[in-house]
Amino acid sequence: MMNVLLLNGSPNAKGCTYTALNELAATLEKENITTEIIHVGNRDIRGCVGCCRCAELGHCVFNDLVNEVAPKFSAADGLVVGSPVYYASANGTLTNFLDRLFFSTPFSKRMKVGAAVCSARRAGTTATFDQLNKYFTISEMPVASGRYWNMVHGSNAEQVMQDTEGLQNMRILARNMAFLIRAITAERNRSGLPLQEETVYTNFIR
Ligand SMILES: Cc1cc2nc3c(=O)[nH]c(=O)nc-3n(C[C@H](O)[C@H](O)[C@H](O)COP(=O)(O)O)c2cc1C
């Protein structure tokens, strides 16, 4: 069974971000993809300290939700990151979490499908959306898209329920994500993943 992990970066368990993620997850389930929404934004997640011990340990030196979610991310076919907009950017707890999750995990993220979702009262959504998509596009993760940049608007869940365009886009995004996951799985089974190259770090200092 294919599965998608959804991260709620909001401190609010059942707020706006959750409402968007829930619409997405419900549609993925209808597409026969199992889902799990993990609440990240209410946790005390410290930032990466750049110690690079993860290179030896295979996990982050700080043993918290990051290390709990890592094996789930490894097993997932797709990852959705959801954030409320804070000062026209992604929520700090979520970015602390994602910095450490992506940096500390040794497994390949190649061809896991990514999608970013954000929620705002009014503005800063596209900057947040761009910021979150960068975790995917440095990790060889194809990005699923909707019919609009993935955002909902509101200050609470009730207002987001009135954002019918935003919620429709979550359903469209979910179906596109499911399609991409199925297509990638079929092609991986048919002819494997694209040719991989050794990593090259360009260093201009001689
Ligand atoms: C610290 C803070 C900063 C915020 N900054 C913005 C902002 O820049 N733009 C905006 O439209 N809303 C901003 N908001 C409002 C939230 O992004 C918005 O209400 C969001 O939908 C809440 O989602 P949630 O219920 O999932 O937490 C901010 C809220 C907080 C607490």
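In segment 38-62, the residues that are within 16 Å of residue 92 (Cα to Cα) form Cβ pairs under 6 Å with partners that are at pLDDT 95 or above and open to solvent by 70 Å² or more (accessible area, probe 1.4 Å), at six or more places apart or across chains, as follows: 48/103.
Which of the residues spanning segment 156-206 are of a type in the set (A, V, I, L, M, F, W, C), part of a helix (DSSP H, G or I) and more than 16 Å from the ligand (Cβ to nearest atom)? Spell out the reasoning first.
Of all residues in segment 156-206, those of a type in the set (A, V, I, L, M, F, W, C) come to 157, 160-161, 167, 170, 172-174, 177-181, 183-184, 186, 193, 195, 200, 204-205.
Retained after the next criterion (residues that are part of a helix (DSSP H, G or I)): 157, 160-161, 167, 170, 172-174, 177-181, 183-184, 186.
172, 173, 174, 177, 178, 179, 180, 181, 183, 184, 186, listed by residue number.
Of all residues in segment 64-91, those satisfying the criterion of being within 16 Å of the ligand (Cβ to nearest atom) and touching a residue at least 40 places away in the same chain (Cβ under 8 Å) are 80, 81, 82, 83, 84, 85, 88, 89, 90, 91.
So in segment 108-132, with the set limited to residues that are touching a Pro at 6+ places or on another chain (Cβ under 9 Å) and outside any loop (DSSP other than H, G, I, E, B), which one is farthest from the ligand (Cβ to nearest atom)? Looking at the filtered set, the residue picked out is 113.
The values are calculated or read from the model by the stated rules, or taken from the named source; none is laboratory data. The model shown is predicted, which means the values in this text are computed figures rather than measured ones. All Cβ positions, glycine included, derive from the backbone under ideal geometry; neighbour counts span all protein chains shown. Accessible surface areas use protein heavy atoms only, side chains included; no ligands, DNA or RNA. Shrake-Rupley method; radii C 1.70, N 1.55, O 1.52, S 1.80 Å.
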